[in-house]
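Everything on this sheet refers to the single structure shown next.
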């Protein structure tokens with residue numbers, strides 16, 4: 001099968017013919033239809049995070065089940081599915097607590113290193129998905145069924161950016177109706193945090209970014225106010241917009257440590273700051289310690305705290321009922337061979353998401 005192979009940091013991915021195993025017991029073979037190109041993938045391409053190489057990146061995907069291994073009962077060939085980059089084992093400490101998004105079963109990572117090969121050597125399958133390829137193999141706990149009528153490009157985005165962003169508001173922060181909120185960083189994740197705050201009934205959603213095009217997109221997704229932090233101090237601007245009290249919930253959705261410092265500073269006493277962005281390995285966040293005496297809370301977010309077999313179908317249903325906008329997130333549709341162009345478009349800051357069309361439904 002063809003796949004975009006990541007061989008070295010700061011180098012273009014190359015299209016190669018690689019081999020993939022047949023599904024083993026408990027595994028599912030999925031033909032990739034669409035794959036989003038996420039900022040998390042870019043972190044590896046830019047060398048901010050490290051992986052064993054070579055690797056097939058991509059973790060935000062939809063597809064059609066081609067074959068199933070022994071013992072698989074949840075899906076059958078022909079089913080349309082969204083991939084999860086955090087398959088659950090069902091038996092570890094976190095899974096039995098209903099925290100499948102934090103599953104730490106080492107066998108899942110081990111399996112992702114044994115499914116792909118190239119030139120006689122192993123190729124890592126990123127995040128148990130590796131969607132920059134024509135086929136994917138994952139465990140039964142790594143897929144969720146969706147209706148056949150769900151568009152596959154929009155479905156792919158539910159697999160990461162939409163679930164992470166909307167989930168950060170609804171399930172991690174649990175934003176209540178009427179809340180005053182701010183979102184720092186209005187890329188693919190930030191736009192969905194904004195959608196999540198809107199769904200929760202937030203009275204104010206202040207969008208903060210340095211790219212004017214992103215701030216315009218933020219308005220379309222529910223932002224009530226925008227701040228260009230390249231032109232004004234965002235903390236002072238938030239204070240001015242909130243009568244000097246700050247916001248009840250602030251979300252950092254870009255992966256820049258200084259932005260967490262800003263988000264925490266604009267959070268009012270008793271409020272909550274949520275770190276959603278993927279930060280470079282080894283980075284540190286500077287926080288004013290006395291602020292904790294004001295009962296300000298700083299919390300992390302993994303995958304929007306999703307119980308994905310429950311929450312992803314709900315997001316699909318909200319889209320089908322025109323309650324959330326997924327089509328507006330699809331800025332560009334490209335071929336697998338154009339994956340490097342997709343990364344350049346992301347760096348420009350002028351797209352919400354590029355989607356790779358890899359096969360037909």
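A few points about this structure:
- Positions within the range 334-359 being loosely packed, with under 14 Cβ neighbours inside 10 Å and modelled with pLDDT of 95 or more, in sequence order: 335, 337
- Residue match in the range 40-47 (condition: surrounded by 21 or more Cβ atoms within 10 Å (Cβ to Cβ), within 16 Å of residue 157 (Cβ to Cβ) and under 15 Å from the mean Cα position of the chain (by Cα)): yes
- Which numbered condition residue 300 misses (of (1) touching a residue at least 24 places away in the same chain (Cβ under 8 Å); (2) loosely packed, with under 14 Cβ neighbours inside 10 Å; (3) within 24 Å of residue 35 (Cβ to Cβ)): (3)
A quick yes/no check of all residues on (1) in a helix (DSSP H, G or I); (2) outside the structural domain of residue 44 (by TED's automatic domain parsing); (3) at negative phi; (4) touching a residue at least 60 places away in the same chain (Cβ under 8 Å):
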{"position": "273", "(1), (2), (3), (4)": "no, yes, yes, no"}
{"position": "281", "(1), (2), (3), (4)": "no, yes, yes, yes"}
{"position": "285", "(1), (2), (3), (4)": "no, yes, yes, no"}
{"position": "316", "(1), (2), (3), (4)": "yes, no, yes, yes"}
{"position": "319", "(1), (2), (3), (4)": "yes, no, yes, yes"}
{"position": "333", "(1), (2), (3), (4)": "no, no, yes, yes"}
{"position": "342", "(1), (2), (3), (4)": "yes, no, yes, yes"}
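- Which numbered condition residue 81 misses (of (1) assigned to a helix (DSSP H, G or I); (2) closer than 25 Å to residue 327 by Cβ): (1)
Every residue, every condition in (1) surrounded by fewer than 24 Cβ atoms within 10 Å (Cβ to Cβ); (2) part of a loop (DSSP other than H, G, I, E, B); (3) outside the structural domain of residue 30 (by TED's automatic domain parsing), yes or no:
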| residue | (1), (2), (3) |
| --- | --- |
| 166 | no, no, yes |
| 169 | no, no, yes |
| 178 | yes, yes, yes |
| 182 | no, no, yes |
| 186 | no, yes, yes |
| 196 | no, no, yes |
| 202 | no, yes, yes |
| 222 | yes, yes, yes |
| 232 | yes, yes, yes |
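Every residue, every condition in (1) part of a strand (DSSP E or B); (2) out of contact with any strand residue (DSSP E or B) (no Cβ under 6 Å at 6 or more places or on another chain); (3) surrounded by 15 or more Cβ atoms within 10 Å (Cβ to Cβ), yes or no:
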site: 5; (1), (2), (3): yes, no, yes
site: 11; (1), (2), (3): no, yes, no
site: 25; (1), (2), (3): no, yes, no
site: 29; (1), (2), (3): yes, no, yes
site: 34; (1), (2), (3): yes, no, yes
site: 49; (1), (2), (3): no, yes, yes
site: 101; (1), (2), (3): no, yes, yes
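- Within the range 235-264, the set of residues being without any contact (Cβ under 8 Å) to a residue 60 or more places away in the chain, surrounded by fewer than 24 Cβ atoms within 10 Å (Cβ to Cβ) and under 25 Å from the mean Cα position of the chain (by Cα) comprises 257, 258, 261.
- Hits in the range 129-147 (condition: outside any strand (DSSP E or B) and more than 19 Å from residue 355 (Cα to Cα)): 140, 141, 142, 147
- Filter result for residue 289 (farther than 23 Å from residue 144 by Cα, out of contact with any helix residue (DSSP H, G or I) (no Cβ under 8 Å at 6 or more places or on another chain) and in contact (Cβ under 8 Å) with a residue 12 or more places away in the chain): no
The values are calculated or read from the model by the stated rules, or taken from the named source; none is laboratory data. What you see is a predicted model, and the numbers here were worked out from it, not measured in a lab. Backbone-built Cβ (ideal geometry, glycine too); neighbour counts: all protein chains shown.
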